[in-house]
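**Student:** I am attaching a structure below and will ask some questions about it afterwards.
Derivation of every value follows stated rules applied to the coordinates shown; laboratory data play no part. Note that the structure is a prediction, hence the values are computed from the model and not measured. Reconstructed Cβ throughout: ideal geometry from the backbone, glycine too, with neighbour counts over all protein chains shown.
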Amino acid sequence: MSKTLENLKEAFAGESQANRRYLAFAKKADEEGYPQAARLFRAAAEAETVHAHAHLRAMKGVKSTRENIQEAIDGETFEFTKMYPQMLEEAKEEGHKTASVSFEYANNVEEIHASLYKTILENLGNNEEVVYYVCQVCGNTVENAAPERCPICKSPQRMFKKVE
């Protein structure tokens, strides 16, 4: 792998993480009553997204929708079959309960994501509209209607956010 490609991958990861971190910081600033700081964090997060997308394009990391869906299936499957089970086991061994819960939620949801991607791949082009709802506690992603209680984390229906 060329040094430039390594640098692009590192920059993409860094910009992507900064985006998510700044959005979390914005949420906290809003909760603490600092709307201007929250807006700046959201603006910086958007800029980091611009940078991340530019790096991804330079790596030729966006392909056809069919190929992108398959890559998503592969990535989600790796996460729920290998990555998160190992992380969960290590967190339990170390007695890190918060991390254990975080890894367990993510592991359960990544399997759901892989299934949703498989379904969309099988039906690509039929243009049937499906609405998605995401649990704001564990990330569970469901189609068409939020359940009364999240089957993963048991949160109430109001914790699901409709994805626009």
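**Student:** What's the Cα-based Rg to Rh of the range 32-106, Rh via Kirkwood?
**Tutor:** Looking at the range 32-106, the ratio lands at 1.14.
**Student:** ³J(HN,Hα) across the range 42-52 via Karplus (A = 6.51, B = -1.76, C = 1.60, θ = phi - 60°), whole Hz, x for Gly/Pro?
**Tutor:** 5, 5, 5, 4, 5, 5, 5, 5, 4, 5, 4
**Student:** Pull up the cross-link candidates among the lysines for Lys63, meaning alpha carbon to alpha carbon under 23 Å and not fewer than 8 places away within one chain.
**Tutor:** Partners within reach: Lys3, Lys9, Lys118.
**Student:** Could you work out the helix-only [θ] at 222 nm for the chain, with each DSSP H run of four or more residues adding -39,500 (n - 2.57) and the total divided by the number of residues, to the nearest 500 deg cm²/dmol?
**Tutor:** Rounded to the nearest 500, the figure is -21500 deg cm²/dmol.
**Student:** Counting only C-alpha contacts under 8 Å and six or more residues apart, can you give the relative contact order of the chain as a whole percent?
**Tutor:** Averaging sequence separation for qualifying contacts and normalising by length gives 16 percent for the chain.
**Student:** Report, by chain and number, residues whose modeled amide H sits under 5 Å from the one on Tyr132, excluding near sequence neighbours (fewer than 5 apart, same chain).
**Tutor:** The list, which skips near neighbours in sequence, is Asn144, Val163.
**Student:** Could you give me the ³J(HN,Hα) list for the range 5-15, computed from phi with Karplus coefficients 6.51, -1.76, 1.60 and θ = phi - 60°, whole Hz, x at Gly and Pro?
**Tutor:** 5, 4, 5, 4, 5, 5, 5, 4, 4, x, 5
**Student:** Once the dipole of the chain is set up with Lys and Arg at +1 and Asp and Glu at -1 on Cβ about the Cα centre, which of Phe160, Gly139, Ala24 lies farthest towards its positive end?
**Tutor:** The one lying farthest along the dipole's positive direction is Ala24.
**Student:** Quick one: Met1, Met87, fewest Cβ neighbours within 10 Å first, how do they rank?
**Tutor:** Details: Met1 6, Met87 18.
By the 10 Å Cβ count, ascending: Met1, Met87.
**Student:** Further question on the same structure: Please turn the phi angles of the range 61-69 into ³J(HN,Hα) values with the Karplus equation 6.51 cos²θ - 1.76 cosθ + 1.60 (θ = phi - 60°), one per residue in order, whole Hz, x for glycine and proline.
**Tutor:** Per-residue couplings from phi come out as x, 10, 10, 5, 4, 4, 5, 5, 5 Hz.
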